[in-house]
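Shown next, in structure tokens, is the structure this report addresses.
The values are calculated or read from the model by the stated rules, or taken from the named source; none is laboratory data. This structure is a prediction, so every number in the text was calculated from the model and none was measured. Reconstructed Cβ throughout: ideal geometry from the backbone, glycine too, with neighbour counts over all protein chains shown.
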Amino acid sequence: MNPPTEPRLDIAPFRARRARLLARMHALGGGIALLPTAPERPRNRDALYPYRFDSYFYYLTGFCEPEAVVALIAGEEDRSILFCRAKDEEREIWDGYRFGPEAAQAAFGFDQAWTIGELERRLPELLSNQPVLWCSLGYDRAWDDKIMAALNAVRAQCRSGVVAPHAVRELRTELDEMRLIKDDFELATMRRAACISAAAHRRAMAATRPGRFEYEIEAELLYAFRAAGSQAPAYTSIVASGPNACVLHYVDNDRRMADGELLLIDAGCELDGYASDITRTFPVNGRFSGPQRDIYELVLAAQTAAKAAIRPGAHWNAPHEAAVKVLAQGMLDLKLLNGSLDSVLENGDYRRFYMHRTGHWLGLDVHDAGDYKQDGHWRPLVPGMVLTVEPGCYIRPDETVPEVFWNIGVRIEDDAVVTAQGCEILTDEAPRSVADIEALMREAQP
Ligand code: GLY
Ligand code: MN
Ligand code: MN
């Protein structure tokens, strides 16, 4: 079967990442790195979940098929080897094109490629006399068992002078640090993903009105993602109206929306492996009520303060601290809380209405790879890091707070790249101000 007629993948960034990892391995004792992609997972009986490759594997290879392993050898001459499914005309009739080792080697720039069926036989020979084995254990028992069997096969040959790796090092730790700083190729993809998601949020706002169901709006989002070429949502969309907006991970999306309520949508597409992550909150009838506007403007002010705190050298927690300060003062002003700003910040009372953090790394995974602290301290921001900025305020019915605020849940979430000057917001095309949201919804009225 011929390859699909899609634009050829630019393999240069993937080769560059393999070269960087190999350089790092050389600096830390050389050896061999082994990394499998994700397994296919059954959904029910013989139906599978839609396949999604492993993010680390994809980062180094660009290869999307299941049943694949990459080996990188930091030796006198570096070597990259792909194990992948064999060509199989019968299976290709049922399931579609597969590269096979020969075409994959050429298309993805590997030094060698073998069929996945050869992996177990080849592993002991690949591990022999390597000083260090770089891999990630403890995530998949079947993979751990393969590695253990191969190591033991090498150890069994020790009396013939073969030496087994004397150290096993965690591969993900190295890759996490690399993934944290996005290259230009990644940033270009993330900008496109953010644009598609922003357009989907505009479509959802335009389609929302009292009497419609949350799932109808979810369908608008999914349509916009897919119609623009995104392969999948980056995570299950949250379409939460009225009291559901106060359920942080609400995904039932089956309620009929009523006049006078807010709708909180947290939805983003995945494009070529990269996630976007946007939340917008807006009135179902297109006009914010007074109390809704009070809470909305407070969350927006907190988000503005958080964004202003993003710049190289600022520490990871600076945007969160800036957002919390604004939110806590606002909660006092609106009589949601009593006391002084210092006491509310000190005792954490604001967490009654703001119980999550202000962001996370974003990339191949929606909650992306990378540590948040180094040596016990929040790490400094560096150009090329991508993070979300997502403060919120969620007020469940409670006799101690003014009833006009009950069931109001607001979150505003954007995606930001740290730049030399500060940050670039990728998701500005999704309306955010009260005026812009109300104008869009007014124009969309039938
Ligand atoms: N959509 C997941 C998150 O905002 O963290
Ligand atoms: Mn997020
Ligand atoms: Mn989100």
### Message
So, in the range 414-446, exactly how many residues are surrounded by fewer than 23 Cβ atoms within 10 Å (Cβ to Cβ) and closer than 21 Å to Gly363 by Cβ?
### Response
8
### Task
Scan the range 222-237 and report the pairs whose first residue is under 23 Å from Leu248 (Cα atoms) and at pLDDT 95 or above and whose second residue is among the polar types (S, T, N, Q) and in a loop (DSSP other than H, G, I, E, B), with Cβ atoms within less than 8 Å and a gap of 6+ or a chain change.
Leu222/Ser237; Ala234/Ser276; Ser237/Asn253
### Query
Residues of the range 213-262 being touching a His at 6+ places or on another chain (Cβ under 9 Å) and among the acidic types (Asp, Glu), which ones?
none
#### Entry: Failed condition for Arg226, given (1) within 16 Å of ligand 1 (Cβ to nearest atom); (2) charged (D, E, K, R); (3) within 30 Å of Leu60 (Cβ to Cβ)
(1)
### Summary
Scanning the range 381-399 for residues that are away from ligand 3 (no atom under 16 Å from the Cβ) and closer than 28 Å to Leu271 by Cα, the one surrounded by the fewest Cβ atoms within 10 Å (Cβ to Cβ) turns out to be Val382
### Query
Do any strands (runs of 3 or more DSSP E) lying entirely in the range 378-434 carry at least 2 residues that are at pLDDT below 95, within 15 Å of ligand 2 (Cβ to nearest atom) and more than 28 Å from Asp368 (Cβ to Cβ), and which ones are they?
none
### Message
So, restricting to helices (runs of 4 or more DSSP H) that lie completely within the range 37-108, which ones have at least 1 residues that are at positive phi and out of contact with any helix residue (DSSP H, G or I) (no Cβ under 9 Å at 6 or more places or on another chain)?
### Response
100-108
#### Entry: Odd one out for Leu133, checked against (1) surrounded by fewer than 17 Cβ atoms within 10 Å (Cβ to Cβ); (2) at pLDDT 95 or above
(1)
### Task
Could you please tell me which pairs satisfy a Cβ distance under 8 Å, a separation of 6+ or placement on different chains, a first residue in the range 309-338 that is of a type in the set (S, T, N, Q), and a second residue that is assigned to a helix (DSSP H, G or I)?
Gln329/Leu341; Asn338/Leu332
### Message
Within the range 206-214, does at least one residue satisfy the condition of being of a type in the set (Ser, Thr, Tyr), more than 15 Å from the chain's Cα centre (by Cα) and either more than 16 Å from ligand 3 (Cβ to nearest atom) or closer than 30 Å to Val154 by Cβ (or both)?
### Response
yes
### Task
Among what's in the range 14-36 and is closer than 22 Å to Gly273 by Cβ, among the aliphatic types (A, V, I, L, M) and outside any helix (DSSP H, G or I), pick the residue that is nearest to the chain's Cα centre (by Cα).
Leu35
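Residue-by-condition table, conditions (1) small (Gly, Ala, Ser); (2) crowded, with 20+ Cβ neighbours inside 10 Å; (3) assigned to a helix (DSSP H, G or I):
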site: Ala258; (1), (2), (3): yes, no, no
site: Ile265; (1), (2), (3): no, yes, no
site: Thr279; (1), (2), (3): no, yes, no
site: Pro291; (1), (2), (3): no, no, yes
site: Ala301; (1), (2), (3): yes, no, yes
site: Lys307; (1), (2), (3): no, no, yes
site: Pro319; (1), (2), (3): no, yes, yes
### Query
Can you find even one residue in the range 62-70 that is surrounded by 19 or more Cβ atoms within 10 Å (Cβ to Cβ) and over 25 Å from the mean Cα position of the chain (by Cα)?
no
### Query
Across the range 400-427, which residue is farthest from the chain's Cα centre (by Cα) among those that are within 16 Å of ligand 3 (Cβ to nearest atom) and among the charged types (D, E, K, R)?
Arg411
### Qualifying residue in the range 262-280 (condition: away from ligand 1 (no atom under 16 Å from the Cβ), of a type outside the set (A, V, I, L, M, F, W, C) and touching a strand residue (DSSP E or B) at 6+ places or on another chain (Cβ under 8 Å))
no
### Message
Which pairs turn up if I take residues in the range 144-173 that are of a type in the set (S, T, N, Q) and look for partners that are not in a helix (DSSP H, G or I) with beta carbon separation below 9 Å, at least 6 apart in sequence or on another chain?
### Response
Asn152/Ala164; Gln157/Ser128; Gln157/Ala164; Thr173/Ser136; Thr173/Asp371
### Query
Residue check: is Tyr235 assigned to a loop (DSSP other than H, G, I, E, B) and of a type in the set (Phe, Trp, Tyr)?
yes
#### Entry: Residues of the range 243-261 that turn out to be away from ligand 3 (no atom under 16 Å from the Cβ), out of contact with any Leu (no Cβ under 7 Å at 6 or more places or on another chain) and not acidic (Asp, Glu), as a count
5
